[in-house]
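The values are calculated or read from the model by the stated rules, or taken from the named source; none is laboratory data. These figures come from a predicted structure and were not determined experimentally. All Cβ positions, even for glycine, are placed from backbone atoms using ideal geometry, and neighbour counts span all protein chains on display. Quick note on the areas: whole protein, heavy atoms, side chains included, nothing else; ligands and nucleic acids left out. Shrake-Rupley method; radii C 1.70, N 1.55, O 1.52, S 1.80 Å.
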Amino acid sequence: MKIILPILILMLSACASTNKGAKTALSSHDLRDNTLADIVANYPKDTVALNQLAIKRLQQYETNKNLYTLNQAIATYNELFKRQPYNHDVLLNFYRLNLIKSFATNSYDVEHWQAFYQQQPFLKTVDIAPPVYMQLPLAAKGSLSLEERKSILQKTVMDNPNFVNGYMALAALYAEQNDIQLSVFLLETAAKNSPNNSDILGILNDYRVDKIFVQLCKSDTTERLNQTFEDYKFLVNKFPEDAYYHMQLSTVLRLMGPYTYVEFFG
């Protein structure tokens, strides 16, 4: 069984031109940043300039990936969020950047962010970790018992039914305990909440194929086969280079019978 588990980049013709161009580009870059920052400082009500500065600093962080640019982006989005608390893009970036910072600093105030999270129902509609989940990746290795990990993941999927990694991690944990039925149930729930998510479908249909083989001579597997067939068709179309999905699709077609197999392959 294939189990995939989850988690998170011109050459000019003359040296003189290269040095000059690089120096000019850097000066223009800094000038624009300073100009926007000056406008924001001088005109506090100008949210357009603040929005542009936030986007620019987010781009700077994504380019440089260091704590300095991350803190700059967070500070700008924090100010923007105060002025536009109902802007979902601003909210999402502010919350996401603080999650990222927790990995850089190995520190996260779960209680503070949990209170913040509960006041922002929009965050429960997108695929992003709720604060309680952060207790797992930031915990010292081996410091959490199996039951503690399970409890954290159960709270995670309750807090955000759309956080895919929460379901996958909890499903994997139950699979470790040989509770395959509950593991499959969690993956099926995740698939309903996030249709066509390839990470979920890949693992879920591995389980389905195994179960079909077990039940093949004992009960009607038509409905399960049809669903598995549709899912593997989707995965093959999305990842045409993945030989494993092609193999699994062929297996399902053979189980569906010779007529379906011949019809599909012509």
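Electrostatic tally near ALA191: other residues with Cβ closer than 14 Å to its Cβ, Lys and Arg +1, Asp and Glu -1, net -3.
Counting other Cβ atoms within 10 Å, keep those with at most 15, restrict to DSSP loop, and tell me which chymotrypsin sites (Phe, Trp or Tyr not before Pro) in segment 77-173 are left.
For chymotrypsin sites (Phe, Trp or Tyr not before Pro) across segment 77-173 that sit outside H, G, I, E and B with at most 15 neighbouring Cβ atoms in 10 Å, the list reads TYR86.
Phi-derived couplings, Karplus 6.51 cos²θ - 1.76 cosθ + 1.60 at θ = phi - 60°, listed residue by residue for segment 110-124: 4, 4, 4, 6, 5, 5, 4, 4, 5, 8, 10, x, 4, 5, 7 Hz, with x used for Gly and Pro. Less than 18 Å from a label point 7 Å out along the Cα-to-Cβ axis of GLU148: which backbone N atoms in segment 155-195 qualify, by residue? From segment 155-195, the list is 155-156, 170, 173.
Per-atom-type breakdown for segment 146-266 gives carbon and sulfur 53% of the accessible area (1.4 Å probe, protein chains only).
Taking label positions 7 Å along the Cα-Cβ direction at both ALA104 and LYS218, the computed distance is 5.3 nm, reported to one decimal. Net charge in the neighbourhood of GLU176 (other residues with Cβ under 13 Å of its Cβ; Lys, Arg +1, Asp, Glu -1) is 0.
Evaluating 6.51 cos²θ - 1.76 cosθ + 1.60 at θ = phi - 60° for every residue in segment 160-174, the Karplus couplings come out as 9, x, 9, 8, 4, 4, x, 5, 5, 5, 5, 4, 5, 5, 5 Hz, glycine and proline recorded as x. Using a cutoff of 8 angstrom between alpha carbon atoms and counting only pairs six or more residues apart, the relative contact order for segment 65-136 works out to 26 percent. Taking a sphere under 14 Å around the Cβ of PHE213 and counting the other residues whose Cβ falls inside, with K and R at +1 and D and E at -1, yields a net charge of +3. Label sites at ARG83 and GLN118, each approximated as a point 7 angstrom past Cα along Cα to Cβ, lie 3.1 nm apart.
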